[in-house]
Amino acid sequence: MDELRTLILGIGNPARGDDGLGAAFISALGESLPEGFRAEACYQLAVEDAIALSQVDRVCFVDASVDVPAPFDWQPVGADPQGTMDSHALTPGALLMLTGILFNTIPEAWVLAIRAEETSEIREQLSETATQHLELALRFFNEKAGIYPDL
Amino acid sequence: MTDRAAPTDPDIPVNQSRSESRRIEIDPITRVEGHGKVSIHLNSAGEVDEARLHIVEFRGFERFIEGRLLWEVPVIVQRLCGICPVSHHLAAAKAMDQIVGVDQLTPTAEKMRRLMHYGQVLQSHVLHFFHLSSPDLLFGFDAPAEQRNIFAVIQAYPELARRAVLLRKFGQDIIEVTAGKKIHGTGAIPGGINRHLTLEERDRLLGQIDELTQWCRDALKVAENYCEQHLDMLKSFASFESNFLSLVREDGALDLYHGVLSAQDALGHPIFAEADLTRFNHYLHEEVKDWSYMKFPFIQSLGPESGWYRVGPLARINNCKGMTTSEADLALKRFRAVLGKHCGHSLAYHWARMIEVLHCIEVIARLLEDSDLLTGERVIKGVRREEGIGMIEAPRGTLIHHYKVDEHDQVQFCNLIVSTTHNNTAMNRAITMVAKQHLNGQPNLDDALLNHVEVAVRAYDPCLSCATHALGQMPLQIELLDAQGQRLQMLSR
Amino acid sequence: MSTTFTIHVDGAAIPARPGQTIMEACDAAGLYIPRLCDVEGLAPQGSCRVCTVRDNGRCVSACTQPAMPEAVIEHDTESMNRYRRDLVTMLLHEGNHLCPGCEASGRCELQAMAYRLGITDSNRLPYLQPVRPLDASHPLWVLDTNRCIFCSRCIRASREQDGKNVFEYVGRGIHKRLAVNGNHLADTSAQEGDHAMSDGICPVGCIIRKGEGFSTPIGQRRFDKHLIGEEIENKSGRSDLSTEEAQ
């Protein structure tokens, strides 16, 4: 039996304070994920990520957010024909839409939006609050995904 | 992405009769491009006086880099931009080459870097054309926003879009095998490069070349057809004369990695051509304006009023004598047959960009056949210098990195002039023209104006070397302000 | 004298000789105990405590504790590993360890240990963010003590092998930091050929050789392909392999 293939995409720029939450989440998951799980960090979603999305069953987008309640928000997300594919980046919904059009498959998807405080400063460090949010989000995610049931 | 007027916001008075001099502001710059805003200044008669693109550029870089060690710089600088990190990586490495006393890299090092760079330009251009401009171009930018939606394009041209995505992937793969990673690679080091290409990597890339080259030809065709069919619009939409600046190979051919810094006027007459890039600040000066954090570079001999210029694909296409690859050279001749030698149309950037796409894949194919990538000396050192200036033709135009490094190898001074900065005045000019055409006598904000301004700005593909993008920080707004700075009207999406 | 005896590490019988430390016995048996301050060629000193094991119920550093006959050792257990994770995490927070811009990335033992122990970024410890000036005075090496993890390998190497005292600690407690025997590194007797300055002594990016940063491509760096400690774990595995190949 093939396990479900799951992709975890952490979005953000670690050189911009709490914008690095997505990347921090990915590095916190560590190297040794269970079979079927793959985690990657990126500055922002890009069109070619549709290729990766077309090859998995489930995807979780992890991003910093300034407009979700602390500590984090977990929502399913679907293909969104109104999603932004402007300029150099896409929203998760837009990327799912693109994946569907180009490759005729759309993985099941969620957005894990972790509450950020400061994202405009050039600083390679999370704020203390964001660090706490990150920890709670990780706990939640690990339980949800059954990655580290003993955490 | 629905457009809506926002008069319901209690903080925003809607009152157009209040002032004689008004300012309309548009904010078409989304999150990855930093924070920007367009204001359109009206005179008392309601005519457009001037338009300004306001860019809030992050200025923390010098602090980031000061005191760091010279060989760390190419690795650290790329972390400030998620859009074109490779350009910064290579420009910094070129500057550091000079500091370690290397004027001519080994063939292996130069070719590996070229491969990295052309791979990057390819993926950047492809993305820009297909996923940014094509909705405007294929459906017309007077169409409602929903119809200009990228998904409408993709559904209409699914094969084109799928190919674009795979071409992007190809460019990223090249970056990965030359720099070690897709982002935050380490490939270029002072005086050279840290790896060869393996046979397996080479063959994997080479195996795709024929098919991808055909796709690039097809993509160029889309741009050519569009421009030929919309000549009137090209000529009337944000078309103006200007000087052009770019690196050009010593023999006049287009070169994205290295060359002579060349400026030509609107008629193609040379203003200067300097092979010694360390002397660039004898030719270019920067002006500061009180309303923008971005500097306004100008050609010193012409002064700030008329010394402004454009950079990027159109500048390179205009400035060069020819292309070093056969198909791109034919494409250049077709371009000139239709648009002339010294084209000033903003929308011609799209055509120029696609000529470069075909050129990139041709260059990549040639490089991949070159055994210097597989073996050969990677790094050399020379006599130490204190100052280094690295210049490269980034996807959006000339990128300049300038450093001074002390005898202990620590950076003491750093200044960057990024492509978007060079195009600062030109973008303001383009927006002003669009606004004048659209708004005269009718100082009202509407979607069409927003669209037109976006199209004009996007032709220059501005990138503000910043990748902050937290969800919820993506305002897109149009504002109307009076002389006192009071907002009269706002449109946002 | 050379009679061997047995120690019991997590239930496995490991042969040991008199005079061996627990770590030496385990290394010889292909059992890796994580470590940062201990390095081949220098006298062990048991200061980083990352190699802590329970020896008959008592926490000791495996690099200094002699192996005793029939000792019952607890090593690869959740509580020991948690202890090690905590120690390494505190090191990561005490200094400035910004891996993506650091040339030691990929060959750094601290980074490699964090990966091996599965350390996450997530905890409530504050980052101390020291701001210590870079010492780039010497023509051959740079000293970035913001990355020092107080392993004292350079101090010991200079003293034991080079017969010098180029490095020493100054200050106490949280204020302790690495210092050199002079105003700057250039004022000391550090020179080419010193063991203290050689590759593999500094486990992190604190002592770095000038002009060589990033010259090893990603993919070919020391820990790009395997975890730290695998060379010890593979010792027995490798000999098995060669036997198979020989047949």
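Tell me the helices (runs of 4 or more DSSP H) entirely within the stretch A:1-115 that contain at least 2 residues that are surrounded by fewer than 24 Cβ atoms within 10 Å (Cβ to Cβ), within 12 Å of chain B (Cβ to nearest Cβ) and not basic (K, R). Working first, answer last.
On the way: elements: A:21-29, A:49-53, A:92-103.
Because the criterion is at least 2 residues that are surrounded by fewer than 24 Cβ atoms within 10 Å (Cβ to Cβ), within 12 Å of chain B (Cβ to nearest Cβ) and not basic (K, R), the helices (runs of 4 or more DSSP H) in the stretch A:1-115 that meet it are A:49-53, A:92-103.
Considering the stretch C:135-159, and only residues there that are open to solvent by 30 Å² or more (accessible area, probe 1.4 Å) and in a loop (DSSP other than H, G, I, E, B), the residue that is farthest from the other protein chains (Cβ to nearest Cβ) turns out to be C:F150.
Quick grid of which residues meet (1) at pLDDT 95 or above; (2) assigned by TED's automatic domain parsing to the domain that holds B:R52; (3) open to solvent by less than 60 Å² (accessible area, probe 1.4 Å):
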site: B:R249; (1), (2), (3): yes, no, no
site: B:G268; (1), (2), (3): no, no, yes
site: B:F272; (1), (2), (3): yes, no, yes
site: B:E305; (1), (2), (3): no, no, no
site: B:P313; (1), (2), (3): yes, no, yes
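Would you mind finding the one in C:D86, C:D76 that is more than 10 Å from chain A (Cβ to nearest Cβ), open to solvent by 40 Å² or more (accessible area, probe 1.4 Å), farther than 20 Å from B:V75 by Cβ and part of a loop (DSSP other than H, G, I, E, B)? Don't jump to the end; show me each part of the working.
Details: C:D86 fails: part of a loop (DSSP other than H, G, I, E, B).
Exactly one residue qualifies, and that residue is C:D76.
Taking the criterion of being acidic (D, E) and in contact (Cβ under 8 Å) with a residue 24 or more places away in the chain, the residues of the stretch B:390-411 that qualify are B:E393, B:D409. Sub-7 Å Cβ pairs linking a first residue in the stretch B:160-187 that is touching a residue at least 12 places away in the same chain (Cβ under 8 Å) to a second residue that is basic (K, R) and open to solvent by less than 20 Å² (accessible area, probe 1.4 Å), at least 6 apart or interchain, are B:H184/B:R79, ordered by first then second residue.
The residue of the stretch B:202-243 that is nearest to B:N428 (Cα to Cα), among those that are among the small types (G, A, S) and in a helix (DSSP H, G or I), is B:S236. Listed by first and then second residue, the pairs with beta-carbon distance under 6 Å, at least 6 apart or on different chains, first residue in the stretch C:20-48 and without any contact (Cβ under 8 Å) to a residue 40 or more places away in the chain, second acidic (D, E), are C:P44/C:D38. In summary, C:E70 fulfils each of the numbered conditions (1) within 13 Å of another protein chain (Cβ to nearest Cβ); (2) touching a strand residue (DSSP E or B) at 6+ places or on another chain (Cβ under 8 Å) with the single exception of condition (1).
When both residues are 6+ apart or on different chains and their Cβ atoms are under 6 Å apart, which pairs have a first residue that lies in the stretch B:46-71 and is under 18 Å from B:T425 (Cβ atoms) and at pLDDT 70 or above, and a second that is of a type outside the set (A, V, I, L, M, F, W, C) and in a strand (DSSP E or B)? Short answer, once both residue conditions are applied: B:D49/B:H41; B:E50/B:H41; B:R52/B:S39. Restricting attention to the stretch B:66-85, the residues being among the aliphatic types (A, V, I, L, M) and open to solvent by less than 10 Å² (accessible area, probe 1.4 Å) number 5. Note on the stretch B:72-113: residues that are touching a residue at least 60 places away in the same chain (Cβ under 8 Å) and not in a helix (DSSP H, G or I) total 10.
To keep it simple, each residue is scored yes or no on (1) part of a loop (DSSP other than H, G, I, E, B); (2) within 15 Å of C:E70 (Cα to Cα); (3) in contact with a helix residue (DSSP H, G or I) (Cβ under 8 Å, 6 or more places away or on another chain).
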residue	(1), (2), (3)
C:T3	yes, yes, no
C:I7	no, yes, yes
C:A13	no, yes, no
C:C26	no, yes, no
C:P44	yes, no, yes
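For the stretch B:283-328, filtering for residues that are over 20 Å from B:V363 (Cα atoms), among the acidic types (D, E) and out of contact with any strand residue (DSSP E or B) (no Cβ under 7 Å at 6 or more places or on another chain) leaves 2.
Residues that are of a type in the set (D, E) and open to solvent by 50 Å² or more (accessible area, probe 1.4 Å) within the stretch C:188-212 comprise C:E192, C:D199, C:E212, listed in sequence order. Of everything in the stretch B:167-201 that is in a helix (DSSP H, G or I) and open to solvent by 40 Å² or more (accessible area, probe 1.4 Å), the residue that is nearest to the other protein chains (Cβ to nearest Cβ) is B:K169. Only one entry in B:E393, B:E386 is acidic (D, E) and farther than 24 Å from B:I299 by Cβ, namely B:E386.
Of all the listed residues (C:L178, C:L185), the sole one being more than 14 Å from chain B (Cβ to nearest Cβ), open to solvent by less than 30 Å² (accessible area, probe 1.4 Å) and in contact with a strand residue (DSSP E or B) (Cβ under 7 Å, 6 or more places away or on another chain) is C:L178.
The values are calculated or read from the model by the stated rules, or taken from the named source; none is laboratory data. Remember, predicted model here, so these are calculated numbers, not experimental data. All Cβ positions, even for glycine, are placed from backbone atoms using ideal geometry, and neighbour counts span all protein chains on display. Heads up: the accessible areas ignore ligands, DNA and RNA and are worked out on the full protein's heavy atoms, side chains in. Shrake-Rupley method; radii C 1.70, N 1.55, O 1.52, S 1.80 Å.
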